[in-house]
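The values are calculated or read from the model by the stated rules, or taken from the named source; none is laboratory data. None of these values were measured; they are calculated from a predicted model. Cβ placement follows ideal geometry from the backbone for every residue including glycine, while neighbour counts extend to all protein chains displayed.
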Amino acid sequence: MVHAVVLAGGASRRLGQPKALLPLLGGTVLSVTVERLIGFGIETVVVVHPDLAEATADLPCRVVINPRPDDGRTGSLHMGLADLTPPLTDVLVCPVDRPGWDEAVLERLLATPGEAVVPVHDGRAGHPLLVRGQALSRLAALDVDAPLRQALDERTKVEADAPYLHVNLDRPDDLAVMPELAAWLGRGENP
């Protein structure tokens with residue numbers, strides 16, 4: 001079974017508003033991400049910042065509130081992994097601020113062997129990240145403030161036709177691409 005952990009536990013300080021709640025395709029970046037994963041048959045857990053508890057109550061998946069958001073991405077991932085239904089064999093790590101993937105990206109990731117598989121477009125690696133096997137154990141053993149890359153010695157890169165793979169909703173200027181991203185996701189085709 002494929003599982004996913006959606007990471008939405010950060011404070012969004014640089015953006016100045018919750019990244020997870022940015023509008024996208026009639027919902028939010030978070031709700032659209034969850035709907036896409038569940039629509040693909042993936043058991044999904046979302047890890048959110050305490051400030052998002054009420055706003056995420058209606059999501060069609062389990063939601064874990066991270067009481068220590070300053071622990072960073074790895075701390076949130078640990079919480080999400082602990083909430084998934086074992087056995088864990090294939091886990092997608094989906095940062096909420098990186099929504100530039102589609103079903104074709106997921107299909108390419110899942111069809112590619114390797115313990116850590118990342119999509120690549122125009123030579124740049126992106127998200128989501130697929131983790132399997134011993135890499136899952138290494139991730140679980142990381143300190144909460146350690147970067148994920150410390151557990152992923154080698155990453156298998158798979159080319160994906162996803163021109164918005166590198167969208168990172170981190171700063172106000174990054175929001176300018178949202179209409180183009182929404183158009184691409186909405187029709188399910190590459191521009």
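Miscellaneous remarks
- Annotation for segment 149-164: at least one member residue is of a type in the set (Gly, Ala, Ser), surrounded by 13 or more Cβ atoms within 10 Å (Cβ to Cβ) and modelled with pLDDT of 90 or more.
- In segment 82-100 there is at least one residue matching the filter, namely being more than 28 Å from Trp184 (Cβ to Cβ) and in a helix (DSSP H, G or I).
- Residue check for Pro113: out of contact with any helix residue (DSSP H, G or I) (no Cβ under 8 Å at 6 or more places or on another chain), at pLDDT 95 or above, surrounded by fewer than 17 Cβ atoms within 10 Å (Cβ to Cβ) and closer than 16 Å to Leu136 by Cα: yes
- Test: residue in segment 125-144 that is surrounded by fewer than 15 Cβ atoms within 10 Å (Cβ to Cβ) and part of a loop (DSSP other than H, G, I, E, B): yes
- Evaluating Asn66 against the criteria (1) closer than 23 Å to Val177 by Cβ; (2) more than 15 Å from the chain's Cα centre (by Cα); (3) modelled with pLDDT under 95 leaves one unmet condition, (1).
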